[in-house]
Amino acid sequence: MTMIALILMAATAAPYEATWESLDARPNPQWFEDAKFGIFIHWGVYAVPAWAPKTTYSEWYWNHMQNKDGETWKFHEKTYGAKFQYQDFAPMFKAELYDPDHWADIFARSGAKYVVKTSKHHDGFCMWPSAESWNWNAVDIGPHRDLAGDLVEAVRRRGLRIGFYYSFYEWYNPIYRADVHRYVDQHMLPQMKDLVERYKPDIFWPDGEWDHPSDTWRSTEFIAWLFNESSAPEDIVINDRWGKETRNRHGGFATPEYGHIPEGRLISMGRFEECQGMGRSFGYNRNETAECYRSATELLHLLIDNVSRGGNLLLDIGPTADGRIPEIMEERLLDMGAWLEVNGEAIYGTQPWKDAPKMEDVRFTTKDGAVYAICLKWPHPELVIETPVGFSPKTATMLGHDQPLAMAVSGNTVRVVPPALHIDAMPCRHAYVFKLTP
């Protein structure tokens, strides 16, 4: 096809209209469907107090301070004094040890394929030099540095995709509290467009939408601009948090949070991304102990389960105020990366096996005709799978082990004998993948 023909095709292609009917017809970009594993980052002024009751989110510190009978206020009054305002934490947010190249290295070694960075949470503090948030952004106060932009560059140097979480509402912004339409027109939309034009993100991940319907937020108008006119990549992906009526109904993918799955169309289509922290909080919580953090085995099982159902996992880290990824979080990510280095073939680019039998400790994926049986426990003395009619594998192997395995097929039953390996010779821990090839 000639260049002129391509230009004419692009010129005559119908743009997306600012309606959910039009926008929902857009398929998710293939890179996102194949990626399966991403890193969420909650980092901001709330990383200074870095405290919440063990069952709540530390990034909600300012909001929780308002309850004078609550645990957060009691901690705050005891630690900082009743006259100490949330805004007083901003100069203490220094990020003096922030090394975006180290972060990017950890993310790449974790096996994640994309990153979603918090650009602004509900407190309104911006991690980039936003003109709409004068003196309440990381360049004007605190680190005096474009924390978002530096990470975008570092992550892309490692070949990963990156995008932004952005909170629609701000708890205590006086414009928002007085006139939401003025807030949207003069504050929110200019900020979102600045993020897109400045950094050209691969993902746009809004939140804080639940106070108003998508019409009030002018969401369809923004998304149509994003797809049709903006400088964002053509294969940018969006979530479903665009108004109080949109979760799991409109947008690119549903966003269940800690297993809280709303009703709607997107999850039934297999278009979802589960987001969870390693503990209970998204932001760093100094009140959480080692027992609050899930093991690498538990986190990998969460990833495997989501992928077997057609979804992605967006696993959160909460860096410290000085800019470090806590050691326990780094360790978990590196453990996951070691497993994915051996077994990623059964995760990346796969689909759910629609004929998979229900088994308590086995999850299934498929790719290029092969079926992957991902065992959450070592199958001893053999792996027994009741397969659908017509599926008769010819060979069985274990990822990370270079010898074929003994296998017997009788009717609809496949029996695979796992290799006899000493624990020190195991190719991995946490879960074990058996590949059945027709």
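Read-outs throughout are calculated quantities, based only on the coordinates presented, and are distinct from any laboratory measurement. Source: prediction; values computed, not measured. Please note: Cβ atoms are built from the backbone with ideal geometry, for glycine as well, and neighbour counts cover all protein chains shown.
Report the residues of the stretch 228-266 in range of a label on residue 309: point 7 Å along Cα→C-beta, backbone N strictly under 12 Å from it. In the stretch 228-266, the label zone of residue 309 (backbone N under 12 Å from the point 7 Å along Cα→Cβ) covers 255-263. Relative contact order for the stretch 353-437: 35 percent, from Cα pairs under 8 Å spaced at least 6 residues apart, divided by residue count.
Antiparallel beta bridges, as assigned by DSSP with both residues in the stretch 15-346, represent about 5 percent of the total such bridges. In terms of packing, defined here as the mean over residues of other Cβ atoms within 10 angstrom, the peptides 282-292, 25-35 line up highest first as 282-292, 25-35. Modelled label positions at residue 193 and residue 140, each set 7 Å beyond Cα in the direction of Cβ, lie 2.0 nm from each other. Each of 220, 297, 387 was scored by other Cβ atoms within 10 Å of its Cβ. Arranged with the fewest first, they read 297, 387, 220.
Extension gain, residue 358 to residue 66: 0.36 nm times the residue separation minus the Cα-Cα distance gives 100.4 nm. Antiparallel beta bridges, as assigned by DSSP with both residues in the stretch 180-338, represent about 10 percent of the total such bridges. Remark: relative contact order (the chain) = 17 percent; criterion is Cα-Cα distance under 8 angstrom and separation of 6 or more residues. Proximity of backbone amide H atoms, modeled 1.01 Å from N, is registered between residue 366 and 351, 353, 372 at under 5 Å, excluding neighbours fewer than 5 places apart on the same chain. Judged by the mean number of other Cβ atoms found within 10 Å, the most tightly packed of the peptides 244-254, 328-338, 43-53 leads the ranking 43-53, 244-254, 328-338. Towards the positive end of the charge dipole of the stretch 353-437, with charges on Cβ (+1 Lys, Arg; -1 Asp, Glu), say which of 427, 375, 390 has the farthest Cα. Farthest towards the positive pole: 390.
Sequence-ordered 3J(HN,Hα) estimates for the stretch 37-42 from the Karplus curve with 6.51, -1.76 and 1.60 and θ = phi - 60° stand at 9, x, 10, 9, 10, 10 Hz, glycine and proline given as x.
Backbone amide hydrogens, once placed in the peptide plane, bring residue 272 within less than 5 Å of 254, 312, excluding anything fewer than 5 places away on its chain. The stretch between residue 245 and residue 210, if pulled fully straight at 0.36 nm per residue, gains 11.8 nm over its current Cα-Cα span. On the basis of the beta-carbon distance and an R0 of 45 Å, residue 229 and residue 157 show a calculated FRET efficiency of 0.95. Round to a whole angstrom and tell me the spacing of the C-alpha centers of the stretch 208-239 and the stretch 278-310. With the stretch 208-239 and the stretch 278-310 each reduced to a Cα centre, they are spaced 30 Å. 3J(HN,Hα) along the stretch 173-187: 5, x, 5, 4, 6, 8, 7, 4, 5, 5, 4, 4, 5, 9, 10 Hz, from the Karplus curve 6.51 cos²θ - 1.76 cosθ + 1.60 with θ = phi - 60°, whole Hz, x for Gly and Pro. In the set [x] 88, 61, 41; [y] 72, 62, 38; [z] 85, 64, 55, the label that goes with Cα extents along the principal axes in Å computed for this structure is [y]. Please report how far the C-alpha centroid of the stretch 419-437 lies from that of the stretch 313-387, rounded to the nearest whole angstrom. Measuring centre to centre over Cα atoms gives 13 Å.
Residues 101, 215 in ascending order of nearby Cβ atoms (within 10 Å, fewest first): 215, 101.
Normalising the average separation of contacting C-alpha pairs (under 8 angstrom, six or more residues apart) by the number of residues puts the relative contact order of the stretch 158-231 at 44 percent. When you count the other C-beta atoms within 10 angstrom of each residue and take the mean per peptide, 421-427, 312-318, 196-202, 359-365 line up highest first as 312-318, 196-202, 359-365, 421-427. Using R0 = 22 Å, the C-beta based FRET efficiency linking residue 412 and residue 268 works out to 0.20.
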